[in-house]
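Read through the structure below, which is laid out as structure tokens, and then see the notes.
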Amino acid sequence: MADSIFCSQPYGHLTQSWADRRLLQLGQRLLVDGYKFVTPTPLTHQRVNARPGSSQATDLRAVFGWSRPFDSGLFDDTEFAELLQSGIIEQHASRWRSTVRWSSLGSLLLAHSAFPTDKADAVFFGPDTYRFASLIEAHLSQRFAPIHRAVDIGCGTGAGALLVARTHPHAEVLAVDINPRALRMSAVNAELAEAHNVSVYHSDVLGSIEGRFDLILANPPYMKDTRQRAYRHGGGVLGEQLSLRILEEALPRLQPDGTLLLYTGVAMKAGRDLFLDAARGLLASDDYGWTYREIDPDVFGEELEKPGYEQVERIAVVALTVTRLT
């Protein structure tokens, strides 16, 4: 299979709208100002914002990190008008609020959807992203085989693609997603990071791109979400379907010595890991070597109270690393 791209025009600085360029300018301003924000879990975010004195933003960190409403006087008239026209802020009762958040990941600054992430096309960033980033960085520090071509499936903010692009500036790095809002965020984030070797494409898993890869990354949604929000709903009985599909489609797209790094969540029932049970069948070939481990044994415990999770003991996040041997 030829290592070429047949999908449509990639997102990038030539195709960004005025609103995207305004978002990029905002990110550049925040970097210059030394803005930093580590995004917590939604429950922590909700609890902190519910504290006395936390109902209104009085600085940019509270506006673009904690997603708190603010008075228009926080910005000068020109900047306020541009933020409003570009859709970066919107009216919220008698005040205003940002529609985006900015989160720190090491030296990177990444735009994503504001809290709460209720919309179907919300672009999520949170503790899962930080754990995924740590997994990628550990892999890159131990990898000796060259990386000429890499892809981040379901890229969201583009965090995974940017980590690879930063450490391998001569590699061709693709960031793909089916969510147009995620593609816009990834394109802005890549330009803000000056990651010129990142290209952003619309693709359902690997369906719109050709060729093989030295590294395939994926941090797919893995929950059973009745609202089927793009960043949460993994499909199947308990959110496992997309992760298994990515595994199945990625294996034949690996170059020899190429690696799939899959970070996902698993609903454990009666002590059984149903994702691993299904994955073993896909990994039975001697063509692949693989490792599997739990990164965190218990996350999103509040989900166990929701319909469909009555028989689930816990939700674990796991890392599956698969290397093509031949």
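None of the figures in this text is laboratory data; all of them are computed from the coordinates on show. All values reported here derive from a predicted model rather than from experimental measurement. For neighbour counting, all protein chains shown are included, and Cβ atoms are generated from backbone atoms with ideal geometry for every residue, glycine included.
Data table
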| quantity | calculated |
| --- | --- |
| Of ARG61, ARG95, ARG232, the one that fluctuates the most in a GNM where the chain has Cα springs shorter than 10 Å | ARG95 |
| Peptides ranked, highest mean first, by Cβ atoms within 10 Å: ranges 303-314, 47-58, 122-133 | 122-133, 303-314, 47-58 |
| Around ALA316: net Lys/Arg minus Asp/Glu count, Cβ-Cβ under 13 Å | -3 |
| Over the range 89-196, equivalent-ellipsoid semi-axes from the Cα gyration tensor in Å | 28, 13, 12 |
| Prolate/oblate/rounded label for the range 179-233 (Cα gyration tensor, a/c 1.5) | oblate |
| Cα-only radius of gyration and Dmax that characterise the range 65-114, units Å | 11.6, 36 |
| Rg/Rh for the range 113-256, where both radii come from Cα atoms and Rh is the Kirkwood radius | 0.95 |
| Taking only Cα atoms of the chain, radius of gyration then Dmax in Å | 20.0, 64 |
| Cα gyration tensor shape for the range 18-105, rounded if a/c is under 1.5, else prolate or oblate | oblate |
| Exposure proxy ranking, count of Cβ atoms within 10 Å, fewest first, for TRP102, TRP290, TRP66, TRP18 | TRP18, TRP290, TRP66, TRP102 |
| Exposure proxy order (Cβ contacts within 10 Å, fewest to most) of MET185, MET268 | MET268, MET185 |
| Charge context of ALA145, other residues only, Cβ under 9 angstrom, K/R +1, D/E -1 | -1 |
| Given charges at beta-carbon only (K, R positive; D, E negative), |dipole| of the range 127-324 in Debye | 180 |
| Cβ-defined net charge surrounding ILE136, 14 Å radius [Lys, Arg +1; Asp, Glu -1] | -1 |
| Inverse of mean 1/r across different Cα pairs in the range 34-165, Kirkwood, Å | 16.3 |
| Among SER72, SER199, SER186, residue whose mean-square fluctuation peaks in a GNM of the chain (springs only between Cα atoms under 10 Å) | SER72 |
| Ordering of 144-153, 239-248, 271-280 by packing [mean C-beta count within 10 Å, highest first] | 239-248, 144-153, 271-280 |
